[in-house]
1. Work out, step by step, the length gained on full extension between residue 43 and residue 320: first 0.36 nm times the residue separation, then minus their alpha carbon distance; give nm to one decimal.
2. Quick one: grab Rg to one decimal and Dmax as a whole number for segment 82-237, Cα atoms only, in Å.
3. How many angstrom separate the Cα center of segment 81-107 from the Cα center of segment 302-344?
4. Provide, in order from the shortest bin, the percent of all Cα-Cα pairs of segment 280-344 in each 5 Å bin, continuing until the bin that contains the maximum pair distance.
5. Short version: what are the Cα gyration tensor semi-axes of segment 1-149, square root of 5 times each eigenvalue, largest first, in whole Å?
6. Over what distance in Å are the Cα centres of segment 160-204 and segment 117-152 separated?
7. Could you list the residues of segment 149-187 with an amide nitrogen less than 18 Å from a label point located 7 Å from the Cα of residue 194 in the Cα-to-C-beta direction?
8. How would you rank 308-315, 213-220, 67-74, highest first, on the average number of other Cβ atoms within 10 Å across their residues?
Amino acid sequence: MLSPSLPQVLQSSYHSPQLDVEVRLNTNESPLAPPDGFLRDVASRVVGSSLNRYPDRQARELRSRLGSLHGVGAEAVFVGNGSNEVLQAIFLAYGGPWRNVWIAAPTYGMYAQIAATTRTELLHGRRNRSGSVDAGLVDPDAELVVICDPNNPTGMVEPAELRSLPASRPNQFFVVDRAYHDFDLRQIPEWSGENVALVRTFSKALSLAGLRLGYVVADPAVIEVLYAIYLPYHLSALTQMVALTALDWYQELTAMVHMVTHERDLMGARLGSLGLAPYPSATNFILVDMGVNDAHTVWEQLVARSVLVRDASQWSGVGNALRVTIGTPEENTRFITTLEEVLG
Ligand code: PMP
């Protein structure tokens with residue numbers, strides 16, 4: 001049989017186990033399902049729609065509604081099936097065998113995986129001692145630069161000064177993954193520039209990971225390239241309908257961000273009082289250094305008690321740590337009391 005032409009690295013590609021447990025705090029989803037009223041609105045939008053026809057290939061209404069959230073027109077927005085897919089679209093268009101991309105570990109594992117599948121050369125960057133990316137550390141020879149702000153898995157925000165880097169590096173293209181943007185309560189100006197693509201998702205703060213909706217906000221010239229290279233009709237009519245309904249319900253869907261940020265701060269304090277070292281977080285999860293306790297063993301013991309978190313110790317550049325998504329108050333308490341029991 002013909003063997004795959006893909007690089008070896010993909011044999012250990014990104015995935016978090018989907019186990020049947022009582023408390024699932026491993027993939028940074030929202031713990032709350034969207035309200036029934038929202039689902040009823042979705043249903044009434046779907047009833048009577050023309051699924052015999054292909055969807056609007058340009059998803060004009062959705063892009064224009066998303067654009068108005070960002071103060072731009074529809075021509076500055078590309079939509080896809082989750083931010084993973086839109087990241088891949090950017091790499092298909094701007095990466096490839098003759099291009100390189102700079103990332104600084106530890107960061108979101110899909111960047112390295114997509115670099116591998118698109119044969120983009122990966123340049124490994126460094127972070128400073130506190131775990132952030134300083135402007136001076138970004139390789140001036142990189143063509144693509146991917147910054148995850150706030151960063152997964154550390155949960156930390158990048159220094160505000162980094163946002164002025166794209167303006168001084170016009171030959172580099174900055175892809176800024178803002179998946180956790182809504183949990184970052186700093187009020188600082190958004191990343192911007194002709195050489196910046198902002199990547200956003202409905203999977204986290206909008207409680208719609210099951211929908212698979214991600215988008216890019218970038219210069220219209222960039223968006224035109226993404227549509228030119230992408231498969232026709234890639235975003236189904238159903239996805240477009242649900243996403244439009246989600247925009248009608250934006251306030252209600254994002255209301256849980258307050259609960260999550262409050263619970264996150266409580267969780268940080270509780271982890272600290274167990275003698276562990278949680279990283280400061282501006283997201284809906286916390287990375288916690290397990291100190292003298294072996295992270296993988298603790299992870300297994302938590303799973304045995306039906307509590308699933310992410311074993312971050314196998315993540316390049318992390319060390320002996322677990323990553324826990326913030327759940328409902330009850331789930332968070334269950335996690336902490338189970339962890340206490342496991343740590344003895
Ligand atoms: N970027 C980051 C930093 C993430 O943590 C995740 C989800 N774990 C994604 C992108 C992917 O999100 P989506 O569900 O939109 O594909």
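The values are calculated or read from the model by the stated rules, or taken from the named source; none is laboratory data. This is a predicted model, so every value here is computed, not measured. Cβ placement follows ideal geometry from the backbone for every residue including glycine, while neighbour counts extend to all protein chains displayed. Protein only, heavy atoms only, side chains kept; ligands, DNA and RNA dropped before computing areas. Shrake-Rupley method; radii C 1.70, N 1.55, O 1.52, S 1.80 Å.
1. 95.2 nm
2. That works out to 14.8, 47 Å for Rg and Dmax.
3. Between the Cα centres of segment 81-107 and segment 302-344 lies a distance of 30 Å.
4. 4, 18, 29, 29, 15, 5, 0
5. 33, 22, 20
6. Centre-to-centre (Cα) distance: 13 Å.
7. In segment 149-187, the label zone of residue 194 (backbone N under 18 Å from the point 7 Å along Cα→Cβ) covers 164-175.
8. Highest-to-lowest ranking by the protection proxy: 213-220, 308-315, 67-74.
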